[in-house]
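Take a look at the structure below.
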Amino acid sequence: RLVIVKAPEMDPEFERTYQSYYPKLLGIAAKMLQDPESAKDVVQDVFTAYYFAMNNEKVIRDTKNWLVRSTINKGIDYKRKTARTVAMESPQPESDETPNDETSDILNAIALLNEKEQTLVVLYSEGYSYKEIAEMTGRNFHSVGKTLSRTLDKIKKHLL
(Lines give C-alpha, C1' and ligand atoms only; values in the text may rest on other atoms or scores of the structure.)
Protein backbone atom coordinates (compact mmCIF):
# COMPACT_ATOMS: atom_id res chain seq x y z
CA ARG A 1 0.00 0.00 0.00
CA LEU A 2 1.37 3.37 -1.04
CA VAL A 3 1.15 6.24 1.44
CA ILE A 4 1.55 9.74 0.09
CA VAL A 5 2.84 12.30 2.53
CA LYS A 6 2.34 15.93 1.60
CA ALA A 7 5.26 18.22 2.33
CA PRO A 8 4.47 20.92 4.87
CA GLU A 9 3.70 24.37 3.54
CA MET A 10 6.68 26.71 3.58
CA ASP A 11 6.29 29.60 6.00
CA PRO A 12 5.67 32.68 3.79
CA GLU A 13 7.87 34.88 5.98
CA PHE A 14 10.74 32.40 5.71
CA GLU A 15 10.24 32.10 1.95
CA ARG A 16 10.36 35.90 1.51
CA THR A 17 13.48 36.14 3.65
CA TYR A 18 15.13 33.32 1.72
CA GLN A 19 14.33 34.85 -1.66
CA SER A 20 15.45 38.28 -0.51
CA TYR A 21 18.77 37.39 1.14
CA TYR A 22 20.00 34.21 -0.54
CA PRO A 23 21.86 35.92 -3.44
CA LYS A 24 23.63 38.40 -1.15
CA LEU A 25 24.63 35.72 1.37
CA LEU A 26 25.85 33.47 -1.41
CA GLY A 27 28.04 36.32 -2.69
CA ILE A 28 29.54 36.83 0.76
CA ALA A 29 30.21 33.12 1.26
CA ALA A 30 31.67 32.71 -2.24
CA LYS A 31 34.10 35.57 -1.68
CA MET A 32 35.12 34.17 1.69
CA LEU A 33 35.56 30.58 0.55
CA GLN A 34 36.49 31.04 -3.12
CA ASP A 35 34.47 27.90 -3.86
CA PRO A 36 30.89 28.21 -5.18
CA GLU A 37 29.78 24.75 -4.02
CA SER A 38 31.09 25.23 -0.50
CA ALA A 39 29.47 28.66 -0.43
CA LYS A 40 26.10 27.10 -1.29
CA ASP A 41 26.54 24.59 1.54
CA VAL A 42 27.36 27.34 4.03
CA VAL A 43 24.36 29.47 3.02
CA GLN A 44 22.11 26.41 3.19
CA ASP A 45 23.36 25.78 6.75
CA VAL A 46 22.62 29.42 7.62
CA PHE A 47 19.05 29.18 6.37
CA THR A 48 18.55 25.86 8.13
CA ALA A 49 19.65 27.48 11.40
CA TYR A 50 17.41 30.47 10.68
CA TYR A 51 14.42 28.21 10.00
CA PHE A 52 14.90 26.34 13.27
CA ALA A 53 15.44 29.59 15.16
CA MET A 54 12.14 30.94 13.79
CA ASN A 55 10.28 27.74 14.67
CA ASN A 56 11.73 27.72 18.19
CA GLU A 57 10.50 31.28 18.61
CA LYS A 58 13.98 32.71 19.01
CA VAL A 59 13.83 36.49 18.85
CA ILE A 60 15.92 37.81 15.99
CA ARG A 61 15.87 41.59 16.16
CA ASP A 62 17.58 42.30 12.84
CA THR A 63 17.19 39.50 10.31
CA LYS A 64 19.70 40.88 7.80
CA ASN A 65 22.45 41.30 10.40
CA TRP A 66 21.71 37.87 11.89
CA LEU A 67 21.92 36.19 8.49
CA VAL A 68 25.09 38.01 7.42
CA ARG A 69 26.80 37.39 10.74
CA SER A 70 25.80 33.71 10.62
CA THR A 71 27.15 33.42 7.08
CA ILE A 72 30.46 34.94 8.13
CA ASN A 73 30.73 32.71 11.20
CA LYS A 74 29.82 29.54 9.30
CA GLY A 75 32.24 30.53 6.53
CA ILE A 76 35.04 30.96 9.05
CA ASP A 77 34.16 27.62 10.65
CA TYR A 78 34.18 25.96 7.24
CA LYS A 79 37.60 27.43 6.40
CA ARG A 80 39.03 26.25 9.72
CA LYS A 81 37.61 22.76 9.26
CA THR A 82 38.89 22.59 5.68
CA ALA A 83 42.34 23.82 6.73
CA ARG A 84 42.58 21.05 9.34
CA THR A 85 41.45 18.44 6.81
CA VAL A 86 43.91 19.64 4.16
CA ALA A 87 46.75 19.72 6.70
CA MET A 88 46.08 16.09 7.61
CA GLU A 89 46.02 14.92 3.97
CA SER A 90 49.17 14.31 1.97
CA PRO A 91 50.29 17.26 -0.13
CA GLN A 92 48.98 17.33 -3.69
CA PRO A 93 51.29 18.15 -6.60
CA GLU A 94 50.85 21.72 -7.74
CA SER A 95 49.37 22.47 -11.12
CA ASP A 96 51.57 23.82 -13.87
CA GLU A 97 48.94 26.50 -14.46
CA THR A 98 49.56 29.71 -12.56
CA PRO A 99 46.71 32.17 -12.95
CA ASN A 100 48.06 35.66 -13.49
CA ASP A 101 44.85 37.60 -13.77
CA GLU A 102 44.12 40.53 -11.50
CA THR A 103 41.19 38.86 -9.76
CA SER A 104 43.31 35.90 -8.76
CA ASP A 105 45.98 38.22 -7.37
CA ILE A 106 43.41 40.11 -5.32
CA LEU A 107 41.88 36.90 -3.98
CA ASN A 108 45.34 35.63 -3.03
CA ALA A 109 46.04 38.91 -1.21
CA ILE A 110 42.74 38.64 0.67
CA ALA A 111 43.52 35.03 1.61
CA LEU A 112 46.66 36.27 3.41
CA LEU A 113 44.60 38.48 5.74
CA ASN A 114 43.39 37.39 9.16
CA GLU A 115 39.71 36.46 9.61
CA LYS A 116 38.66 39.85 10.95
CA GLU A 117 40.28 41.66 8.03
CA GLN A 118 38.82 39.23 5.48
CA THR A 119 35.36 39.72 6.94
CA LEU A 120 35.60 43.51 6.68
CA VAL A 121 36.88 43.37 3.09
CA VAL A 122 34.19 40.93 1.99
CA LEU A 123 31.38 42.98 3.54
CA TYR A 124 32.79 46.21 2.13
CA SER A 125 33.08 44.64 -1.33
CA GLU A 126 29.43 43.60 -1.05
CA GLY A 127 28.49 47.27 -0.71
CA TYR A 128 27.72 47.47 2.99
CA SER A 129 28.32 50.79 4.72
CA TYR A 130 30.70 51.16 7.68
CA LYS A 131 27.66 51.48 9.93
CA GLU A 132 26.14 48.24 8.61
CA ILE A 133 29.48 46.44 8.89
CA ALA A 134 29.85 47.63 12.48
CA GLU A 135 26.36 46.34 13.33
CA MET A 136 26.91 42.98 11.61
CA THR A 137 30.29 42.32 13.17
CA GLY A 138 29.66 43.88 16.57
CA ARG A 139 32.59 46.25 16.12
CA ASN A 140 32.85 49.97 16.85
CA PHE A 141 31.89 52.15 13.88
CA HIS A 142 35.18 54.12 13.94
CA SER A 143 37.20 50.94 14.34
CA VAL A 144 35.66 49.53 11.17
CA GLY A 145 36.86 52.47 9.09
CA LYS A 146 40.39 52.44 10.53
CA THR A 147 40.80 48.68 10.27
CA LEU A 148 39.37 48.56 6.77
CA SER A 149 41.68 51.36 5.63
CA ARG A 150 44.74 49.56 7.00
CA THR A 151 43.55 46.28 5.48
CA LEU A 152 43.07 47.79 2.03
CA ASP A 153 46.59 49.25 2.30
CA LYS A 154 47.91 45.74 3.07
CA ILE A 155 46.20 44.42 -0.04
CA LYS A 156 47.62 47.23 -2.19
CA LYS A 157 51.16 46.57 -0.87
CA HIS A 158 50.79 42.88 -1.65
CA LEU A 159 49.68 43.66 -5.19
CA LEU A 160 52.64 45.98 -5.91
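Couple of notes before you dig in:
- Phi to ³J(HN,Hα) by Karplus 6.51 cos²θ - 1.76 cosθ + 1.60 over region 71-77, Hz, x for Gly, Pro: 4, 4, 4, 5, x, 4, 4
- Taken per residue, the accessible surface of region 39-81 reaches 60 Å², heavy atoms only and a 1.4 Å probe.
- For the pair Arg150 and Asn56 in one chain, pulling the backbone fully straight at 0.36 nm per residue adds 29.7 nm over the alpha carbon distance.
- Phi angles across region 128-135 convert, under the Karplus curve 6.51 cos²θ - 1.76 cosθ + 1.60 with θ = phi - 60°, into 3J(HN,Hα) values of 6, 6, 4, 4, 5, 4, 4, 5 Hz, Gly and Pro given as x.
- For Tyr22 and Ser129, the FRET efficiency from 1/(1 + (r/R0)^6), where r spans their Cβ atoms and R0 equals 30 Å, is about 0.90.
- Carbon-plus-sulfur accessible fraction, region 108-160 (probe radius 1.4 Å, protein heavy atoms only): 52%.
- Positive contributions from Lys and Arg (+1) and negative ones from Asp and Glu (-1), summed over other residues with Cβ under 13 Å from the Cβ of Lys74, come out at +1.
- Across region 147-154, rounded Karplus estimates of 3J(HN,Hα) from the backbone phi angles (6.51 cos²θ - 1.76 cosθ + 1.60, θ = phi - 60°) give 5, 5, 4, 5, 5, 5, 5, 4 Hz, Gly and Pro being marked x.
- When a 1.4 Å probe is rolled over the protein heavy atoms, the share of accessible surface on region 6-84 that falls to carbon and sulfur comes to 51 percent.
The values are calculated or read from the model by the stated rules, or taken from the named source; none is laboratory data. As the structure is a computational prediction, the values presented were derived from the model and not from experiment. Counting neighbours? That spans all protein chains shown, and the Cβs are built from the backbone with ideal geometry, glycine included. Accessible surface is based on the protein model in full, side chains and every heavy atom, while ligands, DNA and RNA are left aside. Shrake-Rupley method; radii C 1.70, N 1.55, O 1.52, S 1.80 Å.
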